[in-house]
Amino acid sequence: MKTPVQTQLQQAIAAGRFALTLEIGPPQSPNPEPLRQKAALIKGLADGYNVTDNQTAVVRMSSIAASKIILDLGLEPVMQMVCRDRNRIAMQSDLLGASALGLKNVLALSGDHQKASAAGKLQGHPGAKNVYDIDSIQLIATIKGLRDDGRQEGGDPIAEPAPFFIGAAWTPLGTPRNFRVLRLAKKIAAGADFVQTQAVYDVPAFAAQVQKARDMGLTDKAAILAGIIVPRSAGMLSYMDRQVPGVEVPAELIARLKQAKDPKAEGIKVTVELIQAVREIPGVKGVHLQAIEAEELLPEIVKAAGLSPQDRG
Amino acid sequence: MIVAEWKPIPELLASLKGHKNVLLVGCATCVAECAAGGEREVLTLAPVLKMGLKDQGQEVNIITRTLERQCEPEFVEELSEIAPQVDAIMSIACGIGMQLVAERFIDLPLYPGVNTTSLAIREQAGLWTARCAACGDCMLGETFGLCPVARCAKSLMNGPCGGTRKDGKCEVDENTECIWRLIVERAEAKGRLEDLVKVRPSKNWSNSGHGGPKRMLREDLR
């Protein structure tokens, strides 16, 4: 039995509109004001707003609380949930609580390893014990169980289903590449309704992976939203190419930003071109656009890329 | 084998503060194989401790012993003659051996000289890498003989996360293979990639420490 779910994101996809999701990172603070300011910058642009869950294993305001705060401001959250910090008991409890608060989109992720935080500028908690009781695919199946089977992972019934629109992440160009489409297939088999991808810069390589997914019928079962991260400099692109697993940046793109007189403006142009290019790929149903620590650029980019709500059908 | 590694020498010296006669006891089994707690390490560590404490103005007499297996009561019993002559024991066996010694000589303080870290193999000379997490629910038959519980940084059950580096290493450590990359390669080599497509359901962790301390009872052997 499939429990009906209604979210703005789900409806946009169901109606065949080109979907747009953006991202809001909760603050490292109990003060909701920075979150409200970010939300005000990008309100009204997208169908959903990803709220990250202690990304890079750095402690921030909880994804549930931050999601509720932006929901109250009129933005529809996509609550991210990672498997690093909670076991299946805590996650299901939080999912029921999230549902009670009116949160309906949830994105299931493995989560950045806590050791990764030590590599950044912040100290993080590299000495923390991680959980990984279940993995992201098992989390997807667990959420689906709460929604469609009215049961917890352990088998106990829940009084009424929790209507979640279930998301998953996909790294189409990750290593080992042959397996990446199969891993997507597993996520969709487990219950993913939509999929947001790792940042795409190599459009032909991405299109080839999406084509494989289409050939397997996966793009009919779940909506793929191509991830786009606004590049701001050649240095940023080359860093991502070298250091971020699963991100492939063509050398000519790095060169283009290097030669640009105004790399920031060129980065916006590149972003617009990337969005237009992925929009042409059959099976791609939207984009997940990120302007990390530069959210103020988003309204302009969304407009230039033809992603304003009135332009998306 | 059970793998252990020396604790930092300053930590060892601090733990022996105030003691005059110390029994340093090793084990000739696993910890000898991983060069942490065998006879050679006992004989190396004893003078290091003695000199280190002397530098701090503390004279200490260190008696050394290496048992065949510190996790077997019969071997631990070999210490019963020497134990009355000491005021502390430092063990450089694994945590199992240490506890047996502590239990047998309950009046003596027992200090750990090593940290027990893993169930591992000697992969190369001087390099030990984890192989088993003693999870109590072995899935090696599904993963082509490679364990993702012990060898994936996130113990993932259904394939690699997005953190596999281009060269196939794990994002957590540039020198560690992404075990799922190796599992996928083995599956491909056998033409059985499809075997990895089935979603593996949530694992039952209750047959490991998560179900409470493990207690295996075999009535037929009692």
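The values are calculated or read from the model by the stated rules, or taken from the named source; none is laboratory data. Quick caveat: nothing in here was measured; it's all calculated off a predicted structure. Positions of Cβ are backbone-derived with ideal geometry, glycine not excepted, and every protein chain shown enters the neighbour counts.
Considering the stretch A:106-140 alone, what residues qualify as being surrounded by 15 or more Cβ atoms within 10 Å (Cβ to Cβ), outside any loop (DSSP other than H, G, I, E, B) and out of contact with any Gly (no Cβ under 6 Å at 6 or more places or on another chain)?
A:V106, A:A108, A:L109, A:Q114, A:K115, A:A116, A:S136, A:I137, A:Q138, A:L139, listed by residue number.
Which count do you get for residues in the stretch B:85-107 that are over 23 Å from B:T44 (Cα atoms) and either outside any helix (DSSP H, G or I) or at pLDDT below 95 (or both)?
Number of matching residues: 3.
To keep it simple, each residue is scored yes or no on (1) free of Cβ contacts under 8 Å to residues at least 60 places away in the same chain; (2) away from chain B (no Cβ under 11 Å).
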site: A:A65; (1), (2): yes, yes
site: A:M79; (1), (2): yes, yes
site: A:R86; (1), (2): yes, yes
site: A:A100; (1), (2): yes, yes
site: A:K104; (1), (2): no, yes
site: A:A116; (1), (2): no, no
site: A:K121; (1), (2): yes, yes
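Restricting to the stretch B:176-220, name every residue that is aliphatic (A, V, I, L, M) and part of a loop (DSSP other than H, G, I, E, B).
B:V197, B:V199, B:M216, B:L217
How about the stretch B:189-211: which of its residues are facing chain A (nearest Cβ under 10 Å) and either exposed (fewer than 11 other Cβ atoms within 10 Å of the Cβ) or out of contact with any helix residue (DSSP H, G or I) (no Cβ under 9 Å at 6 or more places or on another chain) (or both)?
Passing the criteria: B:E194, B:H210.
Scan A:R242, A:R279 and give me the residue that is within 20 Å of the chain's Cα centre (by Cα) and of a type in the set (K, R).
One residue alone meets the criteria, A:R279.
Within the stretch A:62-97, which residues are assigned to a helix (DSSP H, G or I) and in contact with a strand residue (DSSP E or B) (Cβ under 6 Å, 6 or more places away or on another chain)?
A:S63, A:A66, A:S67, A:I70, A:L71
Would you point out which residue out of A:G217, A:G174, A:G246 is in contact (Cβ under 8 Å) with a residue 24 or more places away in the chain and at positive phi? Talk me through it step by step, then tell me what you get.
Values: A:G217 fails: in contact (Cβ under 8 Å) with a residue 24 or more places away in the chain; A:G174 fails: at positive phi.
One residue alone meets the criteria, A:G246.
For the stretch A:194-214, which residues satisfy the criterion of being closer than 25 Å to A:E252 by Cβ, free of Cβ contacts under 8 Å to residues at least 40 places away in the same chain and within 20 Å of the chain's Cα centre (by Cα)?
Result: A:Q209, single match.
For B:L221, all conditions in the list (1) away from chain A (no Cβ under 13 Å); (2) more than 20 Å from the chain's Cα centre (by Cα); (3) within 24 Å of A:V131 (Cβ to Cβ) hold save one; what is the number of the exception?
Only one criterion in (1) away from chain A (no Cβ under 13 Å); (2) more than 20 Å from the chain's Cα centre (by Cα); (3) within 24 Å of A:V131 (Cβ to Cβ) is unmet by B:L221, namely (3).
I'd like the full set of residues that are touching a Lys or Arg at 6+ places or on another chain (Cβ under 7 Å) and at pLDDT 95 or above, limited to the stretch A:1-16.
Filtering the stretch A:1-16 for residues touching a Lys or Arg at 6+ places or on another chain (Cβ under 7 Å) gives A:3, A:5, A:7, A:13.
A:T7, A:I13, listed by residue number.
Among the residues that make up the stretch A:200-210, is at least one of them touching a Phe, Trp or Tyr at 6+ places or on another chain (Cβ under 6 Å) and within 20 Å of A:L103 (Cβ to Cβ)?
no
May I ask you to verify whether A:I166 is more than 13 Å from chain B (Cβ to nearest Cβ) and buried (at least 19 other Cβ atoms within 10 Å of the Cβ)?
Criteria met by A:I166.
Residue-wise test of (1) within 11 Å of chain A (Cβ to nearest Cβ); (2) in contact with a Phe, Trp or Tyr (Cβ under 7 Å, 6 or more places away or on another chain); (3) within 21 Å of A:Q243 (Cα to Cα); (4) part of a helix (DSSP H, G or I).
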site	(1), (2), (3), (4)
B:N115	no, no, no, no
B:A120	no, yes, no, no
B:A134	no, no, no, no
B:G141	no, no, no, no
B:A153	yes, no, yes, no
B:L156	yes, yes, no, no
B:K166	yes, no, yes, no
B:E174	yes, no, yes, no
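Within the stretch A:276-289, identify whether any single residue is outside any helix (DSSP H, G or I), closer than 26 Å to B:D167 by Cα and of a type outside the set (D, E), and answer yes or no.
Checked against the condition, which is being outside any helix (DSSP H, G or I), closer than 26 Å to B:D167 by Cα and of a type outside the set (D, E), the stretch A:276-289 yields no hits at all.
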